[in-house]
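The values are calculated or read from the model by the stated rules, or taken from the named source; none is laboratory data. All values reported here derive from a predicted model rather than from experimental measurement. Don't worry about glycine lacking a Cβ; one is built from the backbone with ideal geometry, like all the others, and counts go over all protein chains shown.
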Amino acid sequence: MTLNRRDFIAVGAATAASLSAPAVLADGHGKPRVVVIGGGSGGATAARYIAKDSKGAIDVTLVEPSRAYFTCYFSNLYIAGLTELDDISHTYGTLAAKYGINVVHDWAVDVDRASRTVSLAGGSVLPYDKLILSPGIDFVEGAVPGWSVAAQNKMPHAYKAGSQSELLKAQIMAMPQGGRFAMVAPPDPFRCPPGPYERISMVAHVLKQTNPTAKILLVDPKETFSKQALFEEGWERHYSGMIERVGPDFGATNVTVDPEAMTVDIDGSVEAVDVCNVIPAQKAGRIADVAGVTDGNWAPVNAADMSSKADPDVHVLGDAAQQGDMPKSGFAANSQAKVCAMAVRGALTDSKVFPAKFTNTCWSLIAPDDGVKVGATYEATAEKIAKVDGFVSQTGEDAATRKATYEESVGWYAGITADMFN
Ligand SMILES: Cc1cc2nc3c(=O)[nH]c(=O)nc-3n(C[C@H](O)[C@H](O)[C@H](O)COP(=O)(O)OP(=O)(O)OC[C@H]3O[C@@H](n4cnc5c(N)ncnc54)[C@H](O)[C@@H]3O)c2cc1C
């Protein structure tokens, strides 16, 4: 299936995309060619590691429509006023200048696996020996009746960072005193399992400062959620009486929204709200489907090298991949990208490949200096990426521990963004 540029922008682009003529393309100096689609947590890391470690032996082209990547990580802190949008924005200049990566600001609109080519919206066709897909997520159409991407300016998702995060923050700041914020949370599996609950915490934090009589309604179709005991303890401690969670027992699996009327219908009970953050059910970014490597939702991969189960020359990273036990996180995408980069470099240049090992930690901020985390190490088995061992913050921890956990997350942010873009 081929999509044109308008289709792509209409269906998925939450961040403003700047389209331009491609930069210099791989011109077949006899070098093997890798094309990476998506310059986020998985794609930027994979491109950087392949180019850096192959020392020019592999031509690497990175296709990404946006000139600036806004990390979703720390975007909730931006909404809370605890960081600036500029602090979560990153550009691709160093990847091009220092590692010789061909950074092409355009949309990939088609993949022909038979001829091993990628077509771009601007008309270019890129040949590849290995293709890496890390396109992140798109939303399942009709997942929340009444909501569509066309309604994202009324009821933002802010689940791709950038203009959506700015919009949600502006709407929260414009709420009337004593007004009501609602979130419609997604079903599993979705990007960043603690993300909605960190957002609830950060919205509560900012409202406590600016609008202390405001209320927060969390409509959640899941029985349980990530770090639930930690979040609920924190909400009671910092924001007592402010947050109401409606779970599946009270109709949260039967939710409709009306963006014009600004209402949420929970199993027949219609609630008027001032801001409504709808985070719909998710699936792999559309280009993975176009490439024919998904099961309709996610792209099954082999854990040892993140290669697609449909094609050994296509690798899928990050949120789009169906890999096993790892959560869909930036840390996980970065970890998978390094495994994939080593395997791709090994296949194309005969360099040594070590057994795959993966790690992940998801930090969340409940209130300033009150950070919690959950994490694990993983290995590749024949079936999946399998969890080896894990850890999680405990309820009742002292303030010094929580502050140290938050500071750890700040160090992690500096480290992972350098690992992607520097
Ligand atoms: C609110 C929130 C908080 C989060 N907090 C954390 C956290 O604290 N820690 C953590 O580890 N993770 C966190 N995450 C999750 C993390 O952001 C994602 O899991 C991670 O970014 C996934 O990486 P990815 O490479 O799969 O996708 P992305 O990083 O989203 O990158 C995908 C890229 O592909 C591009 N793209 C898509 N389609 C095409 C196409 N057709 N052609 C060219 N390019 C294309 C997009 O423009 C995008 O830049 C959070 C997420 C959210 C929403």
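Six or more apart or on different chains, Cβ atoms under 8 Å: show the pairs whose first residue is in region 75-93 and closer than 15 Å to residue 173 by Cα and whose second is acidic (Asp, Glu) and surrounded by fewer than 20 Cβ atoms within 10 Å (Cβ to Cβ).
As it stands, the answer is 78/84; 78/87, since those pairs meet every condition given.
Is it the case that region 169-180 has a residue that's within 12 Å of the ligand (Cβ to nearest atom) and of a type in the set (A, V, I, L, M, F, W, C)?
Scanning region 169-180, I find no residue that is within 12 Å of the ligand (Cβ to nearest atom) and of a type in the set (A, V, I, L, M, F, W, C), so the answer is no.
Out of all the residues in region 343-390, which are in contact with a helix residue (DSSP H, G or I) (Cβ under 8 Å, 6 or more places away or on another chain), of a type in the set (S, T, N, Q) and more than 16 Å from the ligand (Cβ to nearest atom)?
The answer is 349, 351.
Given the conditions (1) in contact with a helix residue (DSSP H, G or I) (Cβ under 6 Å, 6 or more places away or on another chain); (2) away from the ligand (no atom under 13 Å from the Cβ), which single one is not true for residue 420?
Result: residue 420 passes all but (2).
Being modelled with pLDDT of 95 or more, in a loop (DSSP other than H, G, I, E, B) and small (Gly, Ala, Ser) is the filter here, so list the residues in region 30-49 that pass it.
38, 39, 40
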